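Trainee: Before I ask anything, here is the structure I am working with.
The values are calculated or read from the model by the stated rules, or taken from the named source; none is laboratory data. Since this is a predicted model, take the numbers as computed values, not measurements. So basically every Cβ, Gly included, is an ideal-geometry build from the backbone, and we count neighbours across all protein chains shown.
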Amino acid sequence: MASMEFNKAAAALLSAGIAFAVTGIVAGVLVHPEPPAKTAIPIPNLTAPAAPGAPAAPAGPEPIAGLLAQADVQRGQQLAQRNCAACHSFNEGGKAGVGPNLYGVVGGPHGHMEGFTYSAALKGKPGPWTYDALNEWLYRPASYAPGTRMAFAGLPNTQQRADVIAWLRTLSPNPQPLPPAAAPAPAAPAQPAAAGQAAPAAPAVPDIKARLASADAARGEAYAKRICAVCHTFNQGGRAGVGPNLWGVVGAPHGHMEGFNYSAGLKGHPGNWTYAELDDWLRAPAAYAPGTRMVFTGIPDAQQRADVIAWLRTLAETPAPLP
Ligand code: HEC
Ligand code: HEC
């Protein structure tokens, strides 16, 4: 069963290539065979706030400010494709569906899409869409804006809301700054049992050499075409998108694409893209090159990083030797 799903996903990836990563709704369904925790369009008021493993949040939503810096943008993208894409588009200039296009919504006014017929309840809300406002809204839309036309029960899981909002933030040429992560909620368990597998700083992560030796480049390719292709091309001579073309990046100097306008933080990084440097970069881009323009939180899973790097290595006429 699982392998059938995988074959379907692999076939779809092969035939649709990079465009596939952009047709997010299909990718979200095919590449993530695990069934959605709930129906895509829950019926309002019928959903008990009981996401599996969610630390019961009775009153209002738990704050997310402290979670945003560590939020998982890819996870947020997947969640949005599963839960929101039935009604929303996300691309710049994208059309309205049942709901408005969401490009640039973070920091925008309530009812930010020109020409969309919003409910008075939502449109009448004062002020911009701050992170806190989005947190309340996505927790329970009907409570935030009684009379809203968004027929979506809400995302009761705090980490999921943070992930989705962190992803919405990237839908902008100039993403809003993140709130200072320094003020953690007093008793909040920093990482609420993140599906049991997270623990990125766990003691026994094998070094990049060992991980590369057992890396699965095909998995890395599938991942990169789903996640990184939103901003990068990979083919020889390919054009820049939001990010530079990545052909030949392994072993090349930082900021290797001629003509691409890199941040000083990245371009000024000394040395070349060794495997270890790529591993550091992809773990936490903003920590590796403060001020980087790559708006991507990183790949927390060490083996997944190695898979991606093992595939990046193949983007060369003569791939660099493995360590
Ligand atoms: C069943 C369709 C539907 C689903 C599913 C849905 N939305 Fe909406 N959304 C709407 C509609 C309709 C509106 C306009 C609401 C209004 O005018 O009251 C809206 C409005 C919004 C707005 C405000 C936009 C603005 O311009 O102010 C945001 C943000 C938003 N949705 C995010 C989400 C996210 C994130 C998800 C998934 C977690 C989601 N929505 C799921 C239909 C939907
Ligand atoms: C939201 C867009 C975006 C996503 C998603 C993204 N990147 Fe980037 N990437 C960029 C930008 C922009 C830069 C240039 C950063 C700078 O100048 O600070 C960059 C730079 C890089 C570089 C350095 C290239 C060089 O020439 O030095 C590598 C390597 C890279 N990205 C790999 C990846 C991988 C692998 C993924 C997926 C796991 C990924 N990126 C996801 C936008 C993105």
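Trainee: Can you confirm whether TYR223 is touching a helix residue (DSSP H, G or I) at 6+ places or on another chain (Cβ under 9 Å), of a type in the set (Ser, Thr, Tyr) and near ligand 2 (Cβ under 9 Å from one of its atoms)? Talk me through it step by step, then tell me what you get.
Mentor: Numbers: touching a helix residue (DSSP H, G or I) at 6+ places or on another chain (Cβ under 9 Å): yes; of a type in the set (Ser, Thr, Tyr): yes; near ligand 2 (Cβ under 9 Å from one of its atoms): yes.
Criteria met by TYR223.
Trainee: So, in the range 89-103, of the ones that are within 15 Å of ARG149 (Cα to Cα) and in contact (Cβ under 8 Å) with a residue 12 or more places away in the chain, which residue ends up surrounded by the fewest Cβ atoms within 10 Å (Cβ to Cβ)?
Mentor: From the range 89-103, those within 15 Å of ARG149 (Cα to Cα) are 96-101; that's our starting set.
Checking which are in contact (Cβ under 8 Å) with a residue 12 or more places away in the chain leaves us with 96, 98-101.
On the way: ALA96: 16, VAL98: 12, GLY99: 19, PRO100: 23, ASN101: 21.
Among residues in the range 89-103 that are within 15 Å of ARG149 (Cα to Cα) and in contact (Cβ under 8 Å) with a residue 12 or more places away in the chain, the one surrounded by the fewest Cβ atoms within 10 Å (Cβ to Cβ) is VAL98.
Trainee: Which one of these does GLY248 not meet: (1) at pLDDT 90 or above; (2) more than 16 Å from ligand 1 (Cβ to nearest atom); (3) at negative phi?
Mentor: All conditions are met except number (3).
Trainee: Is it true that some residue in the range 106-113 is within 16 Å of ligand 2 (Cβ to nearest atom), on the phi < 0 side of the Ramachandran plot and among the hydrophobic types (A, V, I, L, M, F, W, C)? Before the answer, list the steps.
Mentor: Step one: list which residues in the range 106-113 are within 16 Å of ligand 2 (Cβ to nearest atom), which gives 106.
In the following step, the residues that additionally are on the phi < 0 side of the Ramachandran plot were identified as 106.
Right, trim to among the hydrophobic types (A, V, I, L, M, F, W, C) and you get 106.
Looking for residues that are within 16 Å of ligand 2 (Cβ to nearest atom), on the phi < 0 side of the Ramachandran plot and among the hydrophobic types (A, V, I, L, M, F, W, C), one finds at least one in the range 106-113, hence yes.
Trainee: Ok, one more. Which residue out of GLY99, GLY93, GLY127, GLY115 is within 9 Å of ligand 1 (Cβ to nearest atom) and either within 19 Å of SER172 (Cα to Cα) or not aliphatic (A, V, I, L, M) (or both)?
Mentor: Only one candidate passes the filter, namely GLY99.
Trainee: Going by what's in this entry, would VAL242 be described as within 15 Å of ligand 2 (Cβ to nearest atom), part of a loop (DSSP other than H, G, I, E, B) and either over 30 Å from GLU258 (Cβ atoms) or at pLDDT below 95 (or both)?
Mentor: Working: within 15 Å of ligand 2 (Cβ to nearest atom): yes; part of a loop (DSSP other than H, G, I, E, B): yes; either over 30 Å from GLU258 (Cβ atoms) or at pLDDT below 95 (or both): yes.
So VAL242 fits the description; yes.
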